[in-house]
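The values are calculated or read from the model by the stated rules, or taken from the named source; none is laboratory data. What you are looking at is a predicted structure, and each value in this text was computed from that prediction instead of being measured. Using ideal geometry, Cβ is built from the backbone for each residue, glycine included, and neighbour counts are taken over all protein chains shown.
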Amino acid sequence: MSILPPADGASHVLVVDDDSRIRQLLAKYLGGNGYRVTAAADAAEARRKISAIEFDLLVVDVMMPGEDGLSLTRALSAAQDVPILLLTAKSDGADRIRGLEAGADDYLTKPFEPRELLLRLNNLLKRRPLPEAPLTREEIRFGRFVFDARREELCDGETTVRLTDRERQLLAQFAASPDGTLSREALAGEPGEVGERTIDVQINRLRRKIEDDPGNPLFLQTVRGVGYRLRFE
């Protein structure tokens, strides 16, 4: 089977498992079959990532240190509508029923074939309509600047501002956000693609092009504990 990079708009799955080998295996396999994959080692890390990123699917291990997968599933299914597939080393029917009662949509017993997991995730996506993609504003304005999201072009009055490819991408990401706020993790993209410290450097470079005082920004502001917000009209 050929391995292809995830396409734009690919479904994003969060894998929650304390076994690093399982996380790496699923990240590689699902990523090679069209999914975007983020991993978490425990329930606490999963909660942090869910608060920052909107996932299409969750794969959750039942037996984890600290908060177990059943408790996490119960809390998440009560708060949001996202398909959850549980992984467990137990194969008895009672355990499966507890998982479904907690709000899981499907259940898979370890050890399992990665292809079976892939098929089950595909089926979960087919059972419900995909959410409509948010509309990206064709144009955003902040101060004297106008960013054309279609052309990825920034103008300062009648003058076109020279941007790097990454700066154009950052402005496009902010334009696609409902209120212009994005976490560092969301700006970084896939795990390992761009470090969060690198994001800070890129933001500071962009500020020097759009702020009169980059050290006291009016438009591209830091949201403490979250990330950044571009204040546009």
Handout entry: Filter result (of a type in the set (S, T, N, Q) and farther than 27 Å from residue 181 by Cβ) within segment 53-97
Key = 71, 73, 88, 91
Handout entry: Pair list, Cβ under 6 Å, 6 or more apart: segment 156-184 residue outside the structural domain of residue 54 (by TED's automatic domain parsing) and touching a residue at least 40 places away in the same chain (Cβ under 8 Å), other residue in a strand (DSSP E or B) and charged (D, E, K, R)
Key = 180/229; 181/229
Exercise for the section: Hey, can you tell me all the residues within segment 136-171 that are among the small types (Gly, Ala, Ser) and crowded, with 17+ Cβ neighbours inside 10 Å? Expected result: 149
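Looking only at residues in segment 31-47 that are in contact with a strand residue (DSSP E or B) (Cβ under 9 Å, 6 or more places away or on another chain) and more than 11 Å from residue 14 (Cβ to Cβ), which one is surrounded by the most Cβ atoms within 10 Å (Cβ to Cβ)? Give the steps one after another, and end with the answer.
Our first condition is that a residue be in contact with a strand residue (DSSP E or B) (Cβ under 9 Å, 6 or more places away or on another chain); within segment 31-47, this holds for 31-43, 45-47.
Within this subset, residues satisfying the condition of being more than 11 Å from residue 14 (Cβ to Cβ) are 31-34, 41-43.
Numbers: 31: 19, 32: 17, 33: 19, 34: 14, 41: 17, 42: 18, 43: 23.
If we take residues in segment 31-47 being in contact with a strand residue (DSSP E or B) (Cβ under 9 Å, 6 or more places away or on another chain) and more than 11 Å from residue 14 (Cβ to Cβ), then 43 is surrounded by the most Cβ atoms within 10 Å (Cβ to Cβ).
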Exercise for the section: Name the strands (runs of 3 or more DSSP E) wholly inside segment 137-233 in which the number of residues that are in contact with a Ser or Thr (Cβ under 7 Å, 6 or more places away or on another chain) is 1 or more. Expected result: 153-156, 220-223, 227-230
Practice task
Taking the residues in segment 49-82 that are modelled with pLDDT under 85 and either in contact with a Cys (Cβ under 7 Å, 6 or more places away or on another chain) or part of a helix (DSSP H, G or I) (or both) as candidates, determine which candidate is surrounded by the most Cβ atoms within 10 Å (Cβ to Cβ).
Solution key: 77
